[in-house]
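Read through the structure below, which is laid out as structure tokens, and then see the notes.
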Amino acid sequence: MSFAYLGAALRHVDLGVPAGEVVLITGASGCGKSTLALALAGLIPSRIHGELRGRVCFGERVLSGLPPHEASQLVGLVFQNPNLQLINQTVQSEVAFGPENLALPQPEIAARVDWCLEVTGMAALRHAATVTLSGGQKQRTAIAATLAMRPRVLVLDEPLSDLDPVGAQEVLGTLRRLASEGVPPSSSSSTGWTMSCRGRIGSC
Ligand SMILES: Nc1ncnc2c1ncn2[C@@H]1O[C@H](COP(=O)(O)OP(=O)(O)OP(=O)(O)O)[C@@H](O)[C@H]1O
Ligand SMILES: [Mg+2]
């Protein structure tokens with residue numbers, strides 16, 4: 001696929017990611033990493049306007065053009081700046097926000113919130129105000145909130161870029177755990193989400 005805002009940002013990207021693979025995309029500032037992340041999450045062109053050629057698919061499903069609440073259950077995006085992603089007052093309310101908007105039954109929401117807080121190491125801070133969190137804690141809260149939608153694929157846009165070594169280790173620990181354990185099946189769905197640690201590095 002290719003995408004242009006006013007000028008071209010992505011040219012002839014041909015990327016396939018098999019189930020279970022962890023892929024790292026590297027590249028200089030401005031090369032298009034965030035644009036690619038937005039495209040992978042299906043937010044182009046529904047939320048980010050420009051000229052799209054080609055398409056992004058999850059299996060047979062075309063993501064480009066799906067309503068955001070549907071796309072976010074297939075591919076979850078953790079944005080480059082967690083301050084733009086966190087919109088609720090507390091950690092717990094942030095993580096519950098997505099499932100609540102899907103109008104899921106309360107026990108399902110509670111189970112998702114508990115699991116997401118546990119896997120990201122944020123359970124002890126569930127009642128904390130998000131504005132009081134450190135950078136690593138905010139990033140882990142954003143990951144938890146994204147996981148609460150039970151996405152099949154997780155896309156993280158520079159999850160370590162603004163963190164000090166301690167915060168970076170916290171987030172890496174969460175990602176390692178997710179990569180090795182995966183996400184348990186939702187009680188309202190039979191589809192699980194598992195990842196192995198098979199890895200690949202690409203550049204743009
Ligand atoms: N909303 C926008 N409107 C117009 N042009 C944009 C917009 N967002 C990004 N661009 C341009 O698209 C290109 C790719 O930007 P993008 O943010 O995807 O790069 P990046 O690799 O994520 O950079 P960084 O490492 O600095 O985060 C750049 O030339 C940028 O100026
Ligand atoms: Mg970027």
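Which of the numbered conditions does residue 14 fail, given that it passes all the others? Conditions: (1) surrounded by fewer than 15 Cβ atoms within 10 Å (Cβ to Cβ); (2) charged (D, E, K, R); (3) in contact (Cβ under 8 Å) with a residue 40 or more places away in the chain.
Of (1) surrounded by fewer than 15 Cβ atoms within 10 Å (Cβ to Cβ); (2) charged (D, E, K, R); (3) in contact (Cβ under 8 Å) with a residue 40 or more places away in the chain, only one is false for residue 14: (3).
Restricting the first residue to the range 119-141 and requiring it to be over 17 Å from residue 83 (Cα atoms), which pairs with a second residue that is among the small types (Gly, Ala, Ser) meet a Cβ separation below 6 Å and a spacing of at least six or different chains?
120/144
Quick test for you: out of 95, 119, pick the one residue that is closer than 18 Å to residue 174 by Cβ, away from ligand 1 (no atom under 13 Å from the Cβ), among the hydrophobic types (A, V, I, L, M, F, W, C) and touching a Cys at 6+ places or on another chain (Cβ under 6 Å).
Within the list 95, 119, the selection yields 95.
Please state which of the following conditions residue 52 fails to meet, knowing it meets all the rest: (1) crowded, with 18+ Cβ neighbours inside 10 Å; (2) within 11 Å of ligand 1 (Cβ to nearest atom); (3) over 20 Å from the mean Cα position of the chain (by Cα).
Only one criterion in (1) crowded, with 18+ Cβ neighbours inside 10 Å; (2) within 11 Å of ligand 1 (Cβ to nearest atom); (3) over 20 Å from the mean Cα position of the chain (by Cα) is unmet by residue 52, namely (2).
If you go through the range 30-39 one residue at a time, do you hit one that is within 12 Å of ligand 1 (Cβ to nearest atom), modelled with pLDDT under 95 and of a type in the set (Lys, Arg)?
Checked the range 30-39: at least one residue is within 12 Å of ligand 1 (Cβ to nearest atom), modelled with pLDDT under 95 and of a type in the set (Lys, Arg).
Restricting attention to the range 90-113, does a residue exist that is modelled with pLDDT of 95 or more and touching a Phe, Trp or Tyr at 6+ places or on another chain (Cβ under 8 Å)?
no
The values are calculated or read from the model by the stated rules, or taken from the named source; none is laboratory data. It should be emphasised that the depicted structure is a prediction, and the values quoted were computed from it without experimental measurement. Neighbour counts run over all protein chains shown; Cβ positions are idealised from the backbone, glycine included.
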